[in-house]
Amino acid sequence: MRRVSGLARVYIANRGQALRGAEGSFQTLEREISALTKFSHALDVYAERHAGESAADIRTALTEEKVRWREELAPRSGGYTSRAYPDFDGLYAAISDPALRLQARLMGETGCRTEGVGAPAPGSNPLTVANLLGMGADPVSGDAVGRIMVTEKGGKQTEHYVGAGTYQALAAHIQEHGQLAPGYRSFLRAVETAARLTGQYAPGRGTHGLKYSFAQTRMREGTEAGLSYEAAKQAVADEIAHNRMDSVDVYLRD
């Protein structure tokens, strides 16, 4: 197995160098590492049945290469081959209206559709005190987060997790105004204007680009927290209210 682990290390190193030269992203390499890790577990099953050698050395090599290339490759490609915003924090900061900026943060931190952050037709689905569920623990990272319940397309209710600061800002806004409910057109214009100001505008990105940003960030958080690639992918699928793991693929394209 030491020879196989050496070959795995060489393969990942070569792929990493190729991706770096092509300005590719770490996510592309991560998927390949995940596939090789699954292969190593299959080898363990074979070894157990036939008194063979464990594939632990392969996993050690893959883990070490994963750490190395996470630092050397970008989290996602910089070009617009994905609808995700490369600098979503910069995007938020460029939205001048506090209510619209809050909506953008909520969408980027939860993966909700616009209906879920109070931005369909004006006033038709506002976020109110009833949507606030208090603080809790993030099921992926274990961090302290705010919990909100939202109603999305088709009346489906889903629970989501947001940073403590975002939750406090939402609670304060609702306390002062009674609800968060700017309409979709205002929200879309604010996001597109901010995208232009920060050099991230591209036709078709719009508000849905925030959902892509969430999915890619959450995948990275999941794998860094120790979830397998597949488990992280299922967690993202559940949080963006698609549920099927394969539905996440479109959001992860580099």
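Each label was represented as a point 7 Å from its Cα along the Cα-to-Cβ direction; for T128 and A171 these points are 1.9 nm apart. Taking the centroid of alpha carbons for each part, the range 120-182 and the range 1-53 are 40 Å apart. Relative to the longest principal axis of the Cα atoms of the chain, the long axis of helix 184-197 makes an angle of roughly 60 degrees. Summed over all non-identical Cα pairs, the Kirkwood treatment of the range 2-72 gives a radius of 12.5 Å. Per-residue Karplus couplings for the range 45-60, computed as 6.51 cos²θ - 1.76 cosθ + 1.60 with θ equal to phi - 60°, are listed in order as 4, 4, 5, 5, 7, 10, 6, x, 9, 5, 9, 4, 4, 5, 5, 4 Hz, Gly and Pro entered as x. Distance between the 7 Å Cα→Cβ label points at M245 and E64: 2.9 nm. Label-to-label distance, Y11 versus L188, with points set 7 angstrom from Cα along the beta-carbon direction: 4.6 nm.
Dipole magnitude for the chain: computed about the Cα centre from +1 point charges on Lys and Arg Cβ and -1 point charges on Asp and Glu Cβ, it is near 560 debye.
Taking 19 Å as the straight-line reach from the Cα of K38, the aspartates and glutamates in range (excluding those fewer than 8 positions away in the same chain) are E30, E48, E53, D57, E64, E65, E224, E230, D246, D249.
Every number here is computed from the coordinates shown, using simple stated rules; none is lab data. Computed from a predicted model, the values in this text were never measured in an experiment. Don't worry about glycine lacking a Cβ; one is built from the backbone with ideal geometry, like all the others, and counts go over all protein chains shown.
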